[in-house]
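One structure is given here, and the rest of the page talks about it.
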Amino acid sequence: MITQTCRHTFLVSLLGIKHVVLAVNKMDLVGFSEERFNEIVTEYKKFVEPLGIPDVTCIPLSALDGDNVVQKSERTSWYKGTSLLELLETVSIENDHNLTDFRFPVQYVLRPNLDFRGFCGKVASGVIHKGDEVMALPSGKKSHIKSIVTYDGELEYAFPPQAVTLTLEDEIDVSRGDMLVHADNVPVIDRNFEAMLVWMDEEAMDLDKSFFIKHTTNTGRTRIDSIKYKVDVNTMEHLSVENGKLKKEDLPLQLNQIARVTFTTAKPLFFDSYQKNKACGSFILIDPITNNTSAVGMIIDRVEAKDMLNAMEVPTLNLAAMGIGEEHYEAIEKVVKELDRQGISVKIEK
C-alpha cells in the first residue's frame, strides 16, 4: 500500500468514522483478477485491524469503463457485493450522534429588544427539552429552559445538529464561548489535556509559539507542553525520544505528520474526549501571525497539573494589595471579562 492510503486510513480512525470503502481501482490493468484483488484486500485488512474501524467494504473498480461504479460489472462475476453508488446510497449513518450528553456552545447572544434575551447556537450533542434545568459554564449558575425558538416556531425539544435559540427563566450572565449543559452531566473543565494532533501547515511546528485554539465557539490561547510520540503511518509504530526512535531536533511536526501532544491553555476549556463526543472533543490550532489553520486535534483526556512539563500559570491581579479601591472593581471586572473573551485569562483577587 502507498503511504497516502495508510495516512488517510489512520486519519479516518482518529476521526471516528465507522464506515470505510476500499475502492480498488484500475482492475482492468490486471485483467480483473480475483487473486490480485484478494491480495490487496488481505494487505489492507491486516493494516486496518488494530485501528478498530467496524465496517470496511472492499469493491473492485475500473473507473475507465465504469465497472462496479454505478452498476455491477459482468467482468467481475466473482464479486458478490454491491456497486459503489448503491453502497454509498444505502450505508447507515443515523446513529453517529451523541444523544446522551447535552452540550450547547453559545455562539451569539440575541437581544433585539428589552423583552427578549436568547442564546443562539447549534446543539452539539444530547437532547434539550423545554423546562429542563441547565447550568451555564464557566459561571456554574443554573436556570431552566423557558423556550426553544427557531425560524419556524417554538419546539418542545431539540437535538443535534439543530440550530436553535434558547431562552432561560432567569437572567443569568452568559456570553459567546460559554456553554449550557445539564446540571447533572457536565464536561471536563480543565486547562491541561492531551490530544492526537494532525499538522496541516507547510511551516513546521514551533514549540515555543503560542497558538490560538478554536474549540466549539470558544477561542483562546494555548501552547504545546510536550510531544509524547509521533506515529509512523506506514507501520503504526510510536516514535519518541524516550524509545530512541526519534531525535530531539526531529520532535516538531512537519506537514501531514501525526503525534500525541500535551497542551496547556490560558483559560479552562469545557471538553469531552473525542471518542465520546466529537463536537466537544475536537479543535483547531491557528497561527497568530499568519492566521493559517496549523493543525487539527482530537482530545483524548485531561492531564493532571503535576504531569505537565511546564505549567502555565494564570496571571493574578490582587486588587487590595495593589491599593485599588472597591469603587473601581466593577470596571476592572469588565476589562478582565473582555480579555477572557479574547482568549487571555486573568484571575482577580479582592
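Each value in this text was obtained by applying a stated rule to the coordinates, not by laboratory testing. Note that this is a predicted model, so its numbers are computed, not measured. Because the Cβ atoms are built from the backbone with ideal geometry, glycine has one as well, and the counts that use them run over all protein chains shown.
At a glance:
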| item | result |
| --- | --- |
| Order of 8, 19 under a 10 Å beta carbon neighbour criterion, fewest first | 8, 19 |
| Cα-based helix-to-principal-axis angle, 329-341 vs the chain, degrees rounded to 10 | 10 degrees |
| Residues 78, 199 arranged by fewest to most Cβ contacts within 10 Å | 78, 199 |
| Spin-label model distance (nm) - residue 175 vs residue 8, 7 Å beyond Cα toward Cβ | 4.4 nm |
| Above-threshold pairs, the threshold being 32 Å between Cα atoms, out of 278/350; 122/228; 146/276; 80/276 | 278/350; 122/228; 80/276 |
| In degrees, nearest ten, helix 34-48 long axis to first principal axis of the chain (Cα) | 20 degrees |
| Between helix 3-14 and the chain: long-axis angle, C-alpha atoms, 0 to 90°, nearest 10 | 50 degrees |
| Proportion of all alpha-carbon pairs of the chain beyond 25 Å (%) | 64 percent |
| Shape of the range 21-92, Cα gyration tensor, a/c cut at 1.5 | oblate |
| Ellipsoid equivalent to the range 201-350 - semi-axes via the Cα gyration tensor, in Å | 34, 16, 15 |
| Ranked 337, 18, criterion: other C-beta atoms within 10 Å, fewest first | 337, 18 |
| Rounded, prolate or oblate (a/c below 1.5 giving rounded, otherwise prolate when a/b exceeds b/c) for the range 15-55 by Cα gyration tensor | prolate |
| Residue 71 paired with residue 338, simple spin-label distance in nm, labels 7 Å along Cα-to-beta-carbon | 6.8 nm |
| Residue 322 versus residue 15: modelled label distance in nm, points set 7 Å from Cα along the beta carbon direction | 4.6 nm |
| Mean Cα-pair separation over length for the range 252-301, i.e. relative contact order, pairs under 8 Å, 6 or more apart, % | 28 percent |
| Sequence-separation-based contact order of the chain, relative, with Cα cut under 8 Å and 6+ spacing, percent | 13 percent |
